[in-house]
Amino acid sequence: MATALWRSASRLRNVHRCLHARSLSQFRSPIPSLTTIADSFHAPSLPPLRPVIPVGAEFKSLGIYSRYLSNSTTAPNENQDKSSSSSKTNSEETQNTGDSQQSGGAAGKPVRGGPVSWLSFLLLLVTGIGIVLYYDNLKKRHIEEISNASKAVKEGPSAGKAAIGGPFSLINDEGKRVTEKDFMGKWSLVYFGFTHCPDICPDELQKLAAAIDKIKEKAGIEVVPVFISVDPERDTVEQVHEYVKEFHPKLVGLTGSPEEIKKVARSYRVYYMKTAEEDSDYLVDHSIVMYLMDPKMEFVKFFGKNNDIDSLTDGVIKEIKQHKK
């Protein structure tokens, strides 16, 4: 572009010089007068001639070329301005298109759930785990207390008697008021449960009933099976009577008021608690332990869920024989 401008300027200078030289030559050698020409040629008078190139034409031509030069120099700048403005416009349109696509994409995306729902779920999960751990630890402490008390009995009279068992007053499945004195004179196996128990209580009572018969067969020892309800609100006398007779004819069922059940459960170190309640349908979480009581209704040993029929039978016979020595 600079070369083109330089060439245009050179041509303009050459044209200007030529025009200036011709105008000077015309002014230096003026055209002779018309009268002299007419006299010399003896021709008729002619109208006066005008110069071919009028004075000042070179200045007009100079102005035209100057305008051409200025137009030629400003044209690239205008093109550059137009190109820059067009590029800015394109970039703005591209940006607006991107923004619209981004907003459209954001609008099209599904709105996720807020963090409050996840936080509530985590809090609920942690709370549930904490409750389960708390009750498990509580049950373990009760079992450990019973185990320690059982070991203390085995150590001899100097260790003292275990603080398990004691006086109680309940109603049997025949509607009679009974106390611990009514069970003295015989060995007994005491189990705490409830009649609406879905699986654990029936399994344990079946094991208890089978062990009672096997103890009688193997050692000739009569042991009284006893069932004490930990659900006094639903386990009435009639309900308990129908329930215990399904397992063994000699199984004695006991129930009572909530305060009476609470007292006997505390004396035997039994844990029990209602779970989530829906109207009248609920479960009771409780200790799964059988207590072997001697003829004085004093605690001898407990047997947990891990004992099957044979181990329960052999364990009871062993403890009775050692106690008689």
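The values are calculated or read from the model by the stated rules, or taken from the named source; none is laboratory data. A quick note: this is a predicted structure, and the numbers were derived from the prediction, not measured. Virtual Cβ from ideal backbone geometry, glycine too; neighbours counted across all protein chains shown. For accessibility, only protein heavy atoms count, side chains too; no ligands or nucleic acids. Shrake-Rupley method; radii C 1.70, N 1.55, O 1.52, S 1.80 Å.
Here segment 183-207 is scanned for amide nitrogen atoms under 17 Å from the site 7 Å beyond the Cα of residue 282 along Cα-to-Cβ, giving 193-198.
Surface composition of segment 158-267: carbon and sulfur make up 51 percent of the accessible area, probe 1.4 Å.
Rg to Rh ratio, segment 253-303, alpha-carbon atoms and Kirkwood radius?
Values: Rg = 13.4 Å, Rh = 12.8 Å.
Ratio of gyration radius to Kirkwood radius for segment 253-303: 1.05.
Listed peptides 224-236, 205-217 appear in the order 224-236, 205-217 once ranked by packing, highest mean of other Cβ atoms within 10 Å at the front. Looking at segment 208-248, the accessible area is 43 square angstrom per residue; that uses a 1.4 Å probe and ignores ligands, DNA and RNA. Applied to segment 261-273, the Karplus parametrisation 6.51 cos²θ - 1.76 cosθ + 1.60 on θ = phi - 60° returns per-residue 3J(HN,Hα) values of 5, 5, 5, 6, 5, 5, 5, 9, 6, 9, 9, 8, 7 Hz, with x for Gly and Pro.
For an R0 of 35 angstrom, estimate the FRET efficiency from the Cβ-Cβ distance between residue 323 and residue 275 and round to the nearest 0.05. Mind showing how you got there, number by number?
Details: r = 38 Å, r/R0 = 1.08.
The pair residue 323/residue 275 has a calculated efficiency of 0.40.
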